[in-house]
1. Mind checking the full-extension length gain between B:GLU50 and B:TYR268? Use 0.36 nm per residue of separation minus the Cα-Cα distance, one decimal, nm.
2. A:LYS55: which lysines have alpha carbons under 28 Å from its alpha carbon, excluding same-chain residues fewer than 8 sequence positions away?
3. What aspartates and glutamates sit close enough to A:LYS102 to cross-link, taking a C-alpha to C-alpha distance under 18 Å and skipping anything fewer than 8 places away on the same chain?
4. Enter the accessible area of A:GLU44 (Å², nearest 10), with the probe set to 1.4 Å and all protein chains included.
5. Rank B:ASP290, A:ASP83 by accessible area, highest first, at a 1.4 Å probe radius?
6. Provide Rg and Dmax in Å for the range B:338-436, with only Cα atoms included in the calculation.
7. Threshold 30 Å², probe 1.4 Å: give the residues of the range B:288-335, in number order, that are less accessible with all protein chains present than with their chain alone.
8. How large is Rg/Rh for chain A, to two decimals, with Cα atoms and a Kirkwood Rh?
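The values are calculated or read from the model by the stated rules, or taken from the named source; none is laboratory data. All values reported here derive from a predicted model rather than from experimental measurement. Every residue, glycine among them, receives a Cβ derived from its backbone with ideal geometry; neighbour counts consider all protein chains shown. Areas reflect the complete protein model, heavy atoms only, side chains present, ligands, DNA and RNA absent. Shrake-Rupley method; radii C 1.70, N 1.55, O 1.52, S 1.80 Å.
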Amino acid sequence: MLIRLDLKSSLPIYMQIRNQIVLGIGRGELSAGQSLPTVRRLAEDASVNAMTVSKAYALLKEEGYIETDRRRGAVVRPAPVYDDGFSAKLSDSLSILAAEAKAHGMKGRDFLSFCKNILEELGQEPKEEQYDF
Amino acid sequence: MIFNLIFAFALVIFLLSLWANDRTALKPNKNMLLGVTLPHEKLENPKVLEILRQYQKNYRILFASFIAAAVPIFFIPYISLVFLYLFLWIAAFMLANDRVVVHHIGKMLALKRKYDWFLGEKHIVLIDTEVTRQKEKLAVSPLWLILPFAVSFVPLLMNWFQKSENSMALSLSLSSAACSLLCFILHRTVVKSGSRAVCENTSINLAMNSARIHSWTLCWILFAFVESIGSLLLYFTSFILDVSTLPFAIVIAITVLISAGLIFGTYYHVRQMQNRLLSCSSEPIIADEDEYWAKGYYCNPHDTNTTIEKRIGYGYTYNMATAKGKAMTYGSLIAAAALFLGLTALFMVMDFTPIRMTVDGGTVKISAPMYGYEFPAVDIQSVSLEETLPSSGIRTNGASTAQYDLGNFSVPEYGAVKAYLYKQYPPFLVIELPDLYVIINSKSSEVTQEYYDLLMQTMSK
């Protein structure tokens with residue numbers, strides 16, 4: 001998969017690396033058991049400090065997306081269990097995004113169509129249903 | 001004469017490499033012309049071709065003017081002045097050449113900006129995780145370098161076992177081992193240098209990096225092999241032949257030629273493979289880093305890599321936005337200038353310090369740059385004035401130019417000789433000492449005659 005880092009973005013590089021890897025997993029470009037580059041190699045190629053990559057990997061590990069194997073380095077984990085903790089986190093993040101969308105005058109239908117398109121891109125098409133705020 | 005030949009050889013090498021360097025800008029490489037990335041379909045655009053034509057015309061004029069300016073080098077009688085002239089000539093040439101290249105890069109960038117031919121996003125770094133992960137596997141194992149490193153020490157070991165006194169063994173072993181170490185550093189630099197994705201297709205990104213990493217790591221390993229075998233051959237040659245003979249020079253020349261061939265061959269092979277792969281890819285190049293090259297050198301504050309492959313010319317260049325890149329660039333320029341000016345100063349002393357002979361008490365003193373000598377007058381066995389010099393002799397430690405011979409020589413007629421000679425100004429005073437001869441003269445024949453009279457007087461006392 002490709003990792004795309006925007007050097008002029010206000011989002012810290014470690015968060016960009018974390019997000020790109022999560023996106024890669026979501027899109028199916030990274031499958032369970034697949035190895036990631038080592039911290040040192042990724043830092044060399046991305047021209048960033050090894051600490052930055054290390055921070056991103058630590059975050060991914062904490063969130064359950066990857067695990068570190070002594071022999072194979074960082075490896076993508078099988079899909080983490082979808083539990084209450086994750087539901088609460090998702091609900092928080094979505095509430096903020098939905099509120100932002102509403103504040104920008106976006107209709108509930110458009111917001112949902114957005115979500116649908118994104119899920120389609122990730123290969124997880126939701127059922128056809130009508131929603132409204 | 002010999003110096004003129006050496007200078008001519010150096011000049012030709014310099015001119016050829018700069019010429020080859022400049023010409024690489026004219027051929028599309030990874031969709032780049034003059035180091036500027038263009039959309040594939042614009043490589044043949046008439047406006048682009050016009051800039052290339054102007055560039056070609058200008059660097060041809062530049063070369064013609066500097067070749068003409070090089071002619072005086074062959075007529076300057078003093079080696080120190082030749083060195084100074086050569087230094088200024090090379091510095092001016094490189095500066096002017098740089099201006100020509102940068103001027104046309106600017107023109108190409110302006111054209112690109114005018115028609116908005118930008119490819120992909122700026123300030124974006126693209127990494128293919130598969131390439132980054134497999135980078136080490138794409139390289140030829142550095143363990144192969146152990147072999148040439150071990151071979152480097154064969155001359156030293158042979159000297160030790162045979163209890164031989166071959167003076168070349170140590171320097172050959174050390175230089176060859178140093179070369180193997182250098183090749184190891186270059187090998188690591190190739191593996192460590194940033195591998196960026198050039199398109200969305202992972203197989204093409206992998207193949208592009210495989211072409212570069214595999215070929216260059218193999219090149220440095222073969223380079224170390226060639227160099228260590230060359231050193232070994234030199235060592236064996238030194239048993240049979242004199243260091244200054246032609247076969248010896250031929251062994252060196254062949255080693256240098258094979259090494260240079262390896263580097264150029266690898267360069268063309270990699271470039272060809274990468275361009276072929278890119279032409280197979282329908283997906284575009286997605287990172288545009290042209291603005292970091294606008295000054296003619298690479299300066300990217302967002303890149304922590306110190307080295308990067310050159311866009312125009314061969315090999316790698318430094319990232320001038322990093323402290324290490326700056327230090328290496330300025331350091332090597334300063335070192336080259338110091339070496340050149342140091343040699344000029346040394347030769348100035350040799351060229352312009354007068355040689356004088358005096359007798360102080362019972363001691364004959366010869367004052368000369370670097371090779372001054374003193375001997376008791378009582379040691380003199382004979383003194384004679386000669387109109388001609390021996391036709392051949394080998395310099396063992398000294399300086400020999402068209403004007404003068406200075407230092408220690410080995411001459412068939414005399415054996416060991418200390419020479420203080422202005423070759424074009426006979427007569428020459430030949431002084432025989434118990435185990436060597438001293439040959440001295442002055443630019444004025446009267447002074448040489450005075451030296452003779454002085455020695456005769458001293459001997460008769």
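1. On the way: separation 218, 0.36 × 218 = 78.48 nm, distance 2.58 nm.
Fully extending the segment from B:GLU50 to B:TYR268 adds 75.9 nm.
2. Answer for A:LYS55, where 28 Å is the Cα cut-off: A:LYS8, A:LYS89, B:LYS122, B:LYS135, B:LYS137, B:LYS192, B:LYS324, listed by chain and number.
3. A:ASP92, A:ASP110, A:ASP132
4. Solvent-accessible area, nearest 10 Å²: 20 Å².
5. Values: B:ASP290 5, A:ASP83 75 Å².
Largest accessible area first, the residues go A:ASP83, B:ASP290.
6. Cα-based Rg and Dmax for the range B:338-436 come out at 14.2, 45 Å.
7. Those residues are B:HIS302, B:THR304.
8. Details: Rg = 17.0 Å, Rh = 16.7 Å.
Taking Rh as the inverse mean 1/r over Cα pairs, Rg/Rh reads 1.01.
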